[in-house]
Amino acid sequence: MTVPRLLIIEAPSSAVSDPATADDVLAALRAITDTAASFDGVVVGLPEIAVDAAAAIDPAVAAGLLSAGGPRSFVVSADTGRHAPFNLARRVQTLARITGGRIGLHVRSTGIDPLTRASGTVPATADPIEAFAEYLAVLSRLWRSFPDDALVGDRDSGILADPSQLAPADFTGRVYAVAGALNVPLDPALRPVVIVDRADAVALARRDVESEAAPFDAVLTDVDDELADEFGVAVLKRLVWSPASATATDAAQLIGAVDADGVVLRIDAPLAQVAGALEDLLAATGREPADDDDAPLRALREVAVR
């Protein structure tokens, strides 16, 4: 059985009503993360709960808390309708720095965030696809705005960074405008991997958006087609496994039959039971133990044509 190199386990999204519930959710996520980190090529996906749903732990915050256990890889989800691009870029770049580049960002086009709308500069006729392309462009420029080499950190002179090496975003679009640089340095080789949904990739392709304006590394799809070949990016296939109706061996065979660069698997079970089901699944797939250098998300950039 052939097993795709990359397996992203999408943790169930869970509402949080009080501190005790938050502790329970984090404990369950930590168990999932620890199990995933024990095997080669396994990443934990942290979804964002619906905007109109109850309160939840922000995926980027959860990833930061969970990364303290050692080398951990995460894909955090974010909706454009909830997060201003500068704020999201800063949070995700911080995660990339503290995890050594083991971070992916699944960006979903869901409209324009409240902070950007409050600026009063958004045109009434803003095109959603053009806005999404601009959003991705802002992220890309910001993640390159403070290269690690620009960090000086000289306490005696009081110099934090060499401004001549900074590359401010200097982006002005119809919807988004960002002038400056982030305040978090990062080696460009460790930048976050960007994943978009198939529907968004199709929309960008139909509008013939230039790749510089909408950079991404992978397409997440639940159908089989040649779309990713047109973009020159990696393909991630979405699957769902219910342990109540299929064994771990069945799920391993389903994963092994996928012809893609990776699989995003949602385990349809209560959050507290996902870690145990995941352990059974990974044993059934015959995956090798992980080592400290395991950073499977970076392989997606090797597929992408830039």
Requested in this report: Could you give me the residue pairs with C-beta distances under 6 Å whose first residue belongs to the range 134-155 and is under 14 Å from Arg90 (Cα atoms), whose second residue is part of a strand (DSSP E or B) wherever it lies, and which are 6+ apart or on separate chains?
Outcome: Val138/Phe171; Val138/Val178; Arg141/Phe171
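Mind listing whichever residues of the range 71-95 are under 19 Å from Leu29 (Cα atoms) and touching a residue at least 60 places away in the same chain (Cβ under 8 Å)? Lay out the reasoning, then the answer.
Step one: of the range 71-95, the residues under 19 Å from Leu29 (Cα atoms) are 71-78, 92, 95.
Across the range 71-95, the qualifying residues are Pro71, Ser73, Val75, Val92, Leu95.
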Report task. Give the residues of the range 66-79 that are of a type in the set (S, T, N, Q) and either at positive phi or crowded, with 24+ Cβ neighbours inside 10 Å (or both), sorted by residue number. Result -> Ser73
**Report entry** Criterion violated by Ala63 - all others in (1) on the phi < 0 side of the Ramachandran plot; (2) out of contact with any helix residue (DSSP H, G or I) (no Cβ under 6 Å at 6 or more places or on another chain) satisfied
**Finding:** (2)
Query raised in the report: Pick from the range 220-243 the residues that are part of a loop (DSSP other than H, G, I, E, B) and at pLDDT 95 or above: which of them is nearest to the chain's Cα centre (by Cα)?
Result: Ser242
Report summary line: Only one of Ile8, Ile32 is within 20 Å of Ala290 (Cβ to Cβ), at pLDDT 95 or above and in a helix (DSSP H, G or I), namely Ile32
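Select from the range 161-180 the residues that are under 27 Å from Ala124 (Cβ atoms) and charged (D, E, K, R) and write down the one among them that is surrounded by the fewest Cβ atoms within 10 Å (Cβ to Cβ). Full working, then the answer.
At the first step, the residues of the range 161-180 found to be under 27 Å from Ala124 (Cβ atoms) are 169-179.
From the residues that got through so far, the ones that are charged (D, E, K, R) too are 170, 174.
Details: Asp170: 12, Arg174: 14.
So, considering only residues that are under 27 Å from Ala124 (Cβ atoms) and charged (D, E, K, R), the one surrounded by the fewest Cβ atoms within 10 Å (Cβ to Cβ) is Asp170.
Is it true that Pro71 is at pLDDT 90 or above, farther than 18 Å from Ala272 by Cα and not hydroxyl-bearing (Ser, Thr, Tyr)? First the steps, then the outcome.
On the way: at pLDDT 90 or above: no; farther than 18 Å from Ala272 by Cα: yes; not hydroxyl-bearing (Ser, Thr, Tyr): yes.
Answer is no for this residue.
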Report task. Filter the range 172-190 down to the residues that are assigned to a strand (DSSP E or B) and in contact (Cβ under 8 Å) with a residue 24 or more places away in the chain, then identify the one that is farthest from Thr116 (Cα to Cα). Result -> Leu186
Report task. For the range 205-213, indicate whether the set of residues that are surrounded by 17 or more Cβ atoms within 10 Å (Cβ to Cβ) and modelled with pLDDT of 90 or more is non-empty. Result -> no
Report summary line: Exception for Ser17 within (1) hydroxyl-bearing (Ser, Thr, Tyr); (2) in contact (Cβ under 8 Å) with a residue 40 or more places away in the chain; (3) in a loop (DSSP other than H, G, I, E, B) falls at (2)
Report summary line: Residue hits (the range 25-51; within 12 Å of Ile267 (Cβ to Cβ), within 15 Å of the chain's Cα centre (by Cα) and of a type outside the set (Val, Ile, Thr)) are Gly45
Report task. Answer yes or no as to whether Leu105 is under 28 Å from Ser67 (Cα atoms), assigned to a loop (DSSP other than H, G, I, E, B) and either touching a helix residue (DSSP H, G or I) at 6+ places or on another chain (Cβ under 9 Å) or of a type in the set (A, V, I, L, M, F, W, C) (or both). Result -> no
Query raised in the report: Quick check: is even one residue across the range 118-141 more than 21 Å from Ala78 (Cβ to Cβ), in a helix (DSSP H, G or I) and modelled with pLDDT under 90?
Result: no
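Give Arg97, Arg141 a once-over and let me know the one that is buried (at least 18 other Cβ atoms within 10 Å of the Cβ) and among the charged types (D, E, K, R). If you could, list the steps in order and put the result at the bottom.
Values: Arg97 fails: buried (at least 18 other Cβ atoms within 10 Å of the Cβ).
Unique residue meeting the criteria: Arg141.
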**Report entry** In the range 251-275, the residues that are surrounded by 15 or more Cβ atoms within 10 Å (Cβ to Cβ) and free of Cβ contacts under 8 Å to residues at least 24 places away in the same chain
**Finding:** Leu254
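The values are calculated or read from the model by the stated rules, or taken from the named source; none is laboratory data. Note that this is a predicted model, so its numbers are computed, not measured. Using ideal geometry, Cβ is built from the backbone for each residue, glycine included, and neighbour counts are taken over all protein chains shown.
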